[in-house]
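The values are calculated or read from the model by the stated rules, or taken from the named source; none is laboratory data. Given the structure is predicted, the values throughout are model-derived calculations rather than measurements. Using ideal geometry, Cβ is built from the backbone for each residue, glycine included, and neighbour counts are taken over all protein chains shown.
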Amino acid sequence: MNSNKFFEIKTLKKKIIEERKNHKTIAFANGGFDLIHIGHIRYLKAAKKKANILIVALNSDKSLRNLKGKNRAIINEKGRIKIVSSFECVDYVTLFNDKTVDKILLMLKPDFHCKGSDYTKDTVPEKETVKSYKGKIEIVGGEKIHSTSEILKKIINNS
């Protein structure tokens with residue numbers, strides 16, 4: 001991977017330790033980011049406003065397939081890493097294979113775990129994990145008006 005923002009989780013953990021030594025606050029966002037749309041941009045920009053550093057954890061191809069079905073990912077993980085890494089508001093990118101990001105949250109302990117407005121603080125799957133290390137859950141990005149699944153349905157129905 002040639003993105004200078006992408007790191008395997010163990011290396012990223014070391015980088016975050018250094019960021020914290022420099023008194024940086026850490027926000028964390030995650031998702032598939034399979035076809036980038038305005039909802040993704042709003043989500044990431046709003047997450048970045050919560051802290052000095054924004055980490056984005058991308059679902060691996062395998063993880064996205066397990067979550068969304070056999071025809072996903074549309075853009076492979078290498079491509080999605082390059083796309084998300086190109087956003088100015090994103091400082092670090094990593095991949096995850098699990099259904100949730102609990103393990104990554106426990107490793108990195110970000111100050112803010114940011115989720116989109118399709119969640120509430122009570123419905124965030126990792127809420128107990130975030131609570132365990134005294135982090136905060138933030139719902140960001142405004143009203144959810146787009147999803148990759150909706151865009152795909154529209155494309156299929158119009159073809």
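See the values below:
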item	result
Tabulated pairs, the range 125-152, first in a loop (DSSP other than H, G, I, E, B) and of a type in the set (A, V, I, L, M, F, W, C), second modelled with pLDDT of 70 or more and surrounded by 16 or more Cβ atoms within 10 Å (Cβ to Cβ), C-beta under 6 angstrom, 6+ apart or interchain	V140/A46; V140/A47; V140/C114
Filter result for the condition that a residue is of a type in the set (D, E, K, R), in contact (Cβ under 8 Å) with a residue 60 or more places away in the chain and out of contact with any helix residue (DSSP H, G or I) (no Cβ under 9 Å at 6 or more places or on another chain), over D111, D122	D111
Output for the range 6-55, where each listed residue is basic (K, R) and surrounded by 20 or more Cβ atoms within 10 Å (Cβ to Cβ)	K48, K50
